[in-house]
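The values are calculated or read from the model by the stated rules, or taken from the named source; none is laboratory data. Computed from a predicted structure; not experimentally measured. All Cβ positions, even for glycine, are placed from backbone atoms using ideal geometry, and neighbour counts span all protein chains on display.
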Amino acid sequence: MQIYELPIPLKNYQDLAIRKKRKPYHDLLLRLFEEMEMKHKRQGDFVYVPDIEEICERINYRLSPTTVRRLILAWVKTAGLNDEEFYVTTTGGGAKNYHIKVNERTLSLLKSLL
């Protein structure tokens with residue numbers, strides 16, 4: 001497994017969640033992966049758009065939306081997803097939405113880091 005070097009501050013999240021597997025960062029990635037994997041088993045390939053606000057409310061840890069966004073970004077960049085498998089859109093209000101194309105390949109790449 002190759003781990004891509006990322007710029008700071010993403011490197012910090014890469015270290016915490018992927019290399020050192022620290023809570024709550026690693027736990028959050030596990031939960032997101034399980035959610036994607038279950039939905040993939042039910043309906044096949046799809047595009048996953050994590051709802052950052054909902055994720056922050058569901059988890060038992062106090063993480064800011066910025067932290068969750070950076071964590072997800074570090075995860076998918078470290079996994080080496082290409083521009084077709086992961087892309088970002090911006091809402092009219094300036095918020096960013098992450099889109100992850102979930103298929104066997106992306107699940108395999110993401111899982112290899114967990």
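The table below gives the values:
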read-out: Condition check for His99: in contact (Cβ under 8 Å) with a residue 60 or more places away in the chain and surrounded by 12 or more Cβ atoms within 10 Å (Cβ to Cβ); value: no
read-out: Failed criterion for His26 (all others in (1) in contact with a Ser or Thr (Cβ under 9 Å, 6 or more places away or on another chain); (2) within 15 Å of Leu110 (Cα to Cα); (3) of a type outside the set (Asp, Glu) hold); value: (1)
read-out: 1 or more residues out of contact with any helix residue (DSSP H, G or I) (no Cβ under 6 Å at 6 or more places or on another chain) and at pLDDT 90 or above: qualifying helices (runs of 4 or more DSSP H) within segment 5-114; value: 10-13, 25-43, 65-79, 104-111
read-out: Segment 82-96: number of residues that are over 15 Å from Leu71 (Cα atoms) and buried (at least 16 other Cβ atoms within 10 Å of the Cβ); value: 1
read-out: Hits in segment 24-42 (condition: more than 19 Å from Leu73 (Cβ to Cβ) and either under 14 Å from the mean Cα position of the chain (by Cα) or exposed (fewer than 13 other Cβ atoms within 10 Å of the Cβ) (or both)); value: Glu34, Glu37, Met38, Lys41, Arg42
read-out: Flag if Thr78 is surrounded by 19 or more Cβ atoms within 10 Å (Cβ to Cβ) and polar (S, T, N, Q); value: yes
